[in-house]
Structure formats: C-alpha cells, structure tokens
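Derivation of every value follows stated rules applied to the coordinates shown; laboratory data play no part. The structure displayed is predicted, hence computed values, not measured ones. Reconstructed Cβ throughout: ideal geometry from the backbone, glycine too, with neighbour counts over all protein chains shown.
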Amino acid sequence: MIDEGLKSELRKQGVYVTSLQELYNWGRANSVWPLTFGLACCAIEMMAASMSRFDLARFGAEVFRPSPRQADLMIVAGTVTKKMAPLVVRLYNQMPEPKYVIAMGACAISGGPFKQGYNVLKGIDRYLPVDVAIPGCPPRPEALIHAIMTLQEKIRNQDLTGPNRPRHLNADVEGEYPVPAYGKTDLEPPKNPAVWQPPTLKR
Amino acid sequence: MQTAQNSYLVLFLLAIAAVGFAVTPLVAAWLWAKFFSPQKPGKDKNDTYECGLKSSGDAWIHFRSEYYLYGIIFLVFDVETIFLLPFAVSFTGLPVGAFVAMIIFLVLLVEGLVWAWRKGLLTWR
C-alpha cells in the first residue's frame, strides 16, 4: 500500500498512481444512474436538476432510467403514501447492487407537512436504508446536486475489502428488504427494525 | 505480392483488436463479479418488473387478431389511390387498352371489398 505523502509527491512529478479500490470507486461515483421515480412535487425539482440549467450530467447522474434493472440510485422524491410504500420497497428490491437511496424533501424524510395524515408514511427510512437525506419543502435543485455530491463522496470512501465493505460486496448480507403488506389499519410491519428504530428520549 | 500479403495481415490484426475490444470488458466484468461482487438473487429481484406492482394474471393470453383484416383492406385501398391519381390526371389521353386494364384492376379491388363486406368484416364486434 502506497502512502498519501509519496502519492502526492509522485503526482507533483507527473506520475499518477492509484489503487484498484480508488479506480473502482472513482468509476462508480461518476456513473450513478437514478431511477425515474417521482412521487410528488419534489419530482419537479428533480426534473429541473436533470435539465440544462442545473445539469446533473456534470456529475454523471443524468441518465434517469425508467427500469429498476438499470438504476443505481433511488431518489425518493416526494410524499410516500402508505399505499405507495410497498411499491417503493419492491422497486428498491428489484434494483441491482450496488444501490443507494436519497430521501428528497421533508415528506420522504419524515412525512413532512402531511405527517399527521393517516395515509402518509412517516419517512421512507422506516423501510429502506437511506444514504443521504435532503431537507426542504421542496429542496431546490442545488440541494439535490449537493446530495449527489455527498453520495459520491460516500462511494469514494467505501472499502473494497474488510469488515466495513459495503453491502453489495458482502455475500452474507441479504440484498432484499421485506416488503410491507396492507394491513387493516396500517402497513404490516409498520417499520423494518433492522433499518429503523424509533428514537428514545434520554432524560 | 508483398504489399498484398501485408494488407490481409493488417485486416487480420484489426479483426483481432476489434474482437478483443469487445470481449475484454465482458471478461473483466465477469472476473470482477466472480471475485468481488457476489450475486444476490431474490424473490422480488427475479420477479417480473411492473412499476413496483405485483404482476397479475398470465402473459400468455388470447387476443383478437381481427384487426389484421382491417389492415389488409386499408392497405389495398391505400395502394389503389396511388394508382388512381395518375389514372385520373391522364384520363383524357389514355388508349382503350390502358382504360380497360385500369377498370379490371378496380373491379378486382371492389370484388375484394364485396367479399369482406359479405363476410361481415366491416362490422366491429
């Protein structure tokens, strides 16, 4: 393993050295393909971010795929109703590894202004492992771009091997998350305890 | 002689390079998947993709193929208009033989229409 000081010294002399991990993560971070998946008004901001004014293509993330088979990133853009939540989880399950989730806007994070509604899921992180959460109602396209840059930073720092390696490189970790079913009054189960635990008050 | 042989050699090398260009990434991806990225098939992932909804029913169903007759009849008369237009334009200067040939052509087509009509194909069920 080459240390950082020697690497930067070599770089000054015009010699670029890299590792397989760095190369792999560099390629992955710059080709994050999102799923075409808009749930509510946040999707309008998502569309704006992919258009020429904000130009998500600068980050390699403009290729919105209408099929989960080809997508890496699920941008949960908008209010997730309880009717829609199983579909969201199923779509996530149908995406190939490695896959990431951005919860865009107050609704996707917590239910937002509709939190008290009987039909609104109070945050998609109850069922899916959210990588980046964007606050705002709705967040501006710049915020989405920032979220994608944050995600890229996260991807770049992932290890190829070792105990901290991401889920898609670990054969022991399940790739699918349980899809909730429509119960009598609520989704069943109301949350995935492996992903989300209700916050506890510390007095 | 020398140049002729060399030209084929270049073609051969180019073909090898082209095949290598296509096969190398595939092999690299396969090796990568084998050594680093384990496959994770699952019930949902292997299921039919349908916008997140569970697909319902069988895809192998019967559906009516009657539309193809409409398609054929339309095509026949579509082609007929193409022939009718020059026929109408040069109608006054036509010899008798051409006129008779055109009338036979029209009668044949009308006969087809009568056949389709009598068979009840023009009624949408």
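Dipole size of the protein assembly as shown about its Cα centre, with +1 on Lys/Arg Cβ and -1 on Asp/Glu Cβ: approximately 940 debye, rounded to the nearest 20. Between residue A:176 and residue A:197, the modelled label-to-label distance comes to 2.7 nm, taking each label 7 Å out from Cα in the direction of the beta carbon. Please go through the residue pairs A:99/A:202; A:122/B:43; A:191/B:40 and name each one whose alpha carbons sit more than 25 Å apart in this structure. Pairs exceeding 25 Å: A:99/A:202; A:122/B:43.
Treating the Cα atoms of region B:67-118 as identical point scatterers in vacuum, please give the log10 of the normalised Debye intensity I(q)/I(0) at q = 0.12, 0.17, 0.22, 0.24 Å⁻¹, two decimals. With no solvent term, the Cα-only Debye profile gives -0.32, -0.58, -0.83, -0.92.
Among bridges DSSP assigns within the protein assembly as shown, what percent are antiparallel (round to 5)? Taking every DSSP beta bridge with both residues in the protein assembly as shown, the antiparallel ones total about 20 percent. Put a dot 7 Å past the Cα of residue B:94, heading toward its Cβ, do the same for residue A:2, and the two dots end up 8.4 nm apart.
Calculation over all alpha carbon pairs of chain B in 10 angstrom steps from 0 returns a P(r) of 9, 16, 12, 11, 13, 20, 16, 3, 0 percent. Fully extending the segment from residue B:107 to residue B:13, taken as 0.36 nm per residue of separation minus the present Cα-Cα distance, adds 27.5 nm.
Under a Gaussian network description of chain A, with springs only between Cα atoms under 10 Å, the residue in A:103, A:40, A:171 that fluctuates furthest is A:171.
Counting neighbouring beta carbons within 10 Å and listing from fewest to most, the residues A:174, A:62 come out as A:174, A:62.
Look at A:120, B:114 and count the other Cβ atoms within 10 Å of each Cβ; fewest to most, that gives B:114, A:120. For chain B, a simple Cβ point-charge model (Lys and Arg +1, Asp and Glu -1, everything else neutral) yields a dipole of about 480 debye relative to the Cα centre. Taking each DSSP H run with n ≥ 4 as -39500 (n - 2.57) and averaging over every residue of chain A yields -8500 deg cm²/dmol at 222 nm. Axis of helix B:67-89 versus longest Cα principal axis of chain B: the two differ by about 60°, to the nearest ten degrees. Per the Kirkwood formula applied to alpha carbons, chain A shows a radius of gyration over Rh ratio, Rg over Rh, of 1.02.
Computed from the Cβ-Cβ distance with R0 of 35 Å, the FRET efficiency linking residue B:115 to residue B:61 stands at 0.70. Determine, from the Cβ-Cβ distance of residue A:10 and residue B:34 and an R0 of 45 Å, the FRET efficiency 1/(1 + (r/R0)^6), rounded to the nearest 0.05. So, using R0 = 45 Å, E works out to roughly 0.90.
Placing unit charges on each Cβ (+1 for Lys and Arg, -1 for Asp and Glu) gives region A:102-186 a dipole about its Cα centre, and among A:110, A:132, A:163 the Cα reaching farthest toward its positive end belongs to A:110. Listed by Cβ neighbour count within 10 Å, with the fewest neighbours leading, B:8, B:70 appear as B:8, B:70.
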